[in-house]
Amino acid sequence: MSVRACILGCAGTTLSREEVAFFRDVKPWGFILFARNVETPDQVRQLVDALRETVGRPDAPVLIDQEGGRVQRLKPPHWPIYPPGRTYGQLPGNDPLLRREITRLGARLIAHDLASLGINVDCVPVLDVPDPHGHEIIGDRAYGDTPEQVAYLGRAAAEGLIAGGVLPVIKHIPGHGRAKADSHLELPVVDASWDELDARDFAPFRVLSDMPMAMTAHVIYSAIDPKRPATTSKKAMRKVIRGAIGFDGLVMSDDLSMKALSGDFAERAEQSIAAGCDVVLHCNGDMAEMKPVVEGCGALKGRAKRRAEAAMARIARAPEPLDIDEARARFAAALGTS
């Protein structure tokens with residue numbers, strides 16, 4: 001059977017017999033890990049290996065959300081705490097070069113942590129530009145308050161990951177910062193004009209349009225498509241993501257189980273793929289939801305398959321050399337935590 005155009009989660013710290021049989025049968029393109037899947041480094045390595053064994057691809061993408069701050073799946077005592085994006089943008093001294101260097105270093109250290117576990121994709125950087133009236137779901141996850149700050153430090157984070165052998169995922173394209181609701185819980189509607197969106201929200205994604213992967217926003221932009229969120233909107237995909245932003249890498253949906261989306265899970269997957277997403281993401285490991293997602297997304301083929309292959313080809317053969325102890329000491333000193 002061909003590879004399915006989806007990224008799936010699993011329920012716990014080891015795979016059940018049902019999960020092994022299911023993944024072997026449907027062959028998802030990749031997997032995503034959450035805190036529920038994490039106990040110790042050895043356990044995570046074994047789980048990553050087991051996931052890849054089910055699909056018969058030792059290089060299959062295994063994703064995680066390891067931003068730092070509120071969104072960090074790997075935590076003490078086995079992994080260090082990393083700051084949220086906003087901390088990098090507020091480093092003292094008003095030195096843009098220092099901020100860029102420390103942002104890159106933080107991402108390089110995260111890549112070191114992830115690569116040692118076999119995890120090869122991190123859903124970072126957040127390129128959303130926060131709005132004073134927007135929901136706090138973005139908040140301090142953003143690197144700054146202007147498109148320029150977000151783009152500048154977002155690229156530094158992406159480069160740090162790539163240098164460590166981990167692929168970045170820019171999110172949430174074409175921009176979640178103006179949303180006045182949390183798309184995990186409800187569907188946000190943004191009424192800004194095209195010109196406002198193009199100048200502010202789209203701008204960081206345009207700067208990082210050369211990145212290998214992007215994740216969509218479950219947000220309606222009334223100036224683009226008043227009926228459908230970007231994830232399931234052909235207009236948003238063609239006119240904005242592939243058009244105004246010029247992103248030609250792999251596009252994945254945000255999590256299909258989020259309450260911003262409507263319809264059953266097969267419909268959510270079908271609509272996302274029909275709109276132009278290359279793969280769909282389903283995170284919670286619920287078998288009753290994953291089965292219709294797999295039915296709805298279909299096989300990874302054509303242009304989507306070529307984008308997936310091109311994205312994975314961006315993983316460096318060897319990570320950039322790093323003296324890990326010196327790097328951690330320099331990072332702590334810059335943040336004032338040493």
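The values are calculated or read from the model by the stated rules, or taken from the named source; none is laboratory data. Small disclaimer: the values here were computed from a predicted structure and weren't measured. Glycine also receives a Cβ, built like all others from the backbone with ideal geometry; neighbour counts cover every protein chain displayed.
Looking at M312, M290, can you tell me which residue is aliphatic (A, V, I, L, M), farther than 18 Å from I170 by Cα and modelled with pLDDT of 95 or more?
M290
For G144, work out the one condition from (1) in contact with a helix residue (DSSP H, G or I) (Cβ under 7 Å, 6 or more places away or on another chain); (2) part of a loop (DSSP other than H, G, I, E, B); (3) under 24 Å from M252 (Cβ atoms); (4) not aromatic (F, W, Y) it doesn't fulfil.
For G144, the exception is condition (3).
Looking at (1) touching a Gly at 6+ places or on another chain (Cβ under 8 Å); (2) β-branched (V, I, T); (3) under 25 Å from L33 (Cβ atoms), which is the only condition I137 fails?
(1)
Could you grab me the full set of residues in region 303-331 that are under 16 Å from D113 (Cα atoms) and either part of a helix (DSSP H, G or I) or in contact with an Asp or Glu (Cβ under 9 Å, 6 or more places away or on another chain) (or both)?
Of everything in region 303-331, those that are under 16 Å from D113 (Cα atoms) and either part of a helix (DSSP H, G or I) or in contact with an Asp or Glu (Cβ under 9 Å, 6 or more places away or on another chain) (or both) turn out to be I315, I324, D325, E326, A327, R328, A329, F331.
Among the residues of region 96-135, count how many are touching a helix residue (DSSP H, G or I) at 6+ places or on another chain (Cβ under 9 Å) and either part of a loop (DSSP other than H, G, I, E, B) or among the hydroxyl-bearing types (S, T, Y) (or both).
The number of residues fulfilling the criteria is 13.
Conditions: (1) of a type outside the set (A, V, I, L, M); (2) free of Cβ contacts under 8 Å to residues at least 60 places away in the same chain; (3) touching a strand residue (DSSP E or B) at 6+ places or on another chain (Cβ under 6 Å). D254 meets all but one. Number of the miss?
For D254, the failing item is (2).
Could you count how many residues in region 272-302 are part of a helix (DSSP H, G or I) and on the phi > 0 side of the Ramachandran plot? Before the answer, list the steps.
Taking region 272-302 first, the residues part of a helix (DSSP H, G or I) are 272-275, 287-297, 302.
Narrowing the set further to residues that are on the phi > 0 side of the Ramachandran plot leaves 302.
Residues flagged as part of a helix (DSSP H, G or I) and on the phi > 0 side of the Ramachandran plot within region 272-302 amount to 1.
Only one residue in S262, S209, S233 is touching a residue at least 60 places away in the same chain (Cβ under 8 Å), farther than 13 Å from K171 by Cβ and of a type outside the set (A, V, I, L, M, F, W, C), so which one is that? Spell out the reasoning first.
Numbers: S209 fails: touching a residue at least 60 places away in the same chain (Cβ under 8 Å); S233 fails: touching a residue at least 60 places away in the same chain (Cβ under 8 Å).
Testing whether each residue is touching a residue at least 60 places away in the same chain (Cβ under 8 Å), farther than 13 Å from K171 by Cβ and of a type outside the set (A, V, I, L, M, F, W, C) leaves just S262.
Is there a residue in region 158-175 that is in contact with a Lys or Arg (Cβ under 8 Å, 6 or more places away or on another chain), within 30 Å of L51 (Cα to Cα) and in a loop (DSSP other than H, G, I, E, B)?
yes
Taking the options D113, D122, name whichever one is of a type in the set (D, E) and within 30 Å of V189 (Cβ to Cβ).
After applying the criteria, what remains is D122.
Between A318, A327, A311, which is buried (at least 19 other Cβ atoms within 10 Å of the Cβ), among the small types (G, A, S) and in contact (Cβ under 8 Å) with a residue 60 or more places away in the chain?
Only one candidate passes the filter, namely A311.
Residue by residue through region 192-229, note down the ones that are acidic (D, E) and either part of a helix (DSSP H, G or I) or under 22 Å from A156 (Cβ atoms) (or both). If you could, list the steps in order and put the result at the bottom.
Let us first name the residues in region 192-229 that are acidic (D, E), namely 195-196, 198, 201, 210, 225.
Hits for region 192-229 are D195, E196, D198, D201, D210.
Given region 1-93, what strands (runs of 3 or more DSSP E) lie entirely inside it while holding 1 or more residues that are touching a residue at least 40 places away in the same chain (Cβ under 8 Å), among the acidic types (D, E) and buried (at least 16 other Cβ atoms within 10 Å of the Cβ)? Can you show your working first?
Working: elements: 4-8, 28-33, 62-64, 66-68.
Ranges flagged: 66-68.
Of the residues R100, R57, R52, which single one is out of contact with any Phe, Trp or Tyr (no Cβ under 6 Å at 6 or more places or on another chain) and within 30 Å of A333 (Cα to Cα)? Talk me through it step by step, then tell me what you get.
Details: R57 fails: within 30 Å of A333 (Cα to Cα); R52 fails: within 30 Å of A333 (Cα to Cα).
Only one candidate passes the filter, namely R100.
Answer with yes or no whether K180 is surrounded by fewer than 20 Cβ atoms within 10 Å (Cβ to Cβ), of a type in the set (K, R), in contact (Cβ under 8 Å) with a residue 24 or more places away in the chain and closer than 19 Å to A260 by Cβ.
On the way: surrounded by fewer than 20 Cβ atoms within 10 Å (Cβ to Cβ): yes; of a type in the set (K, R): yes; in contact (Cβ under 8 Å) with a residue 24 or more places away in the chain: yes; closer than 19 Å to A260 by Cβ: yes.
Yes; evaluated as a whole, the condition is true for this residue.
Residues checked against (1) surrounded by fewer than 24 Cβ atoms within 10 Å (Cβ to Cβ); (2) closer than 27 Å to H112 by Cβ; (3) touching a Ser or Thr at 6+ places or on another chain (Cβ under 7 Å):
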position: E159; (1), (2), (3): yes, yes, no
position: A163; (1), (2), (3): yes, yes, no
position: A192; (1), (2), (3): yes, no, no
position: D201; (1), (2), (3): no, no, no
position: Y221; (1), (2), (3): no, no, no
position: S233; (1), (2), (3): no, no, no
position: A236; (1), (2), (3): no, no, no
position: V240; (1), (2), (3): no, no, no
position: M258; (1), (2), (3): yes, no, yes
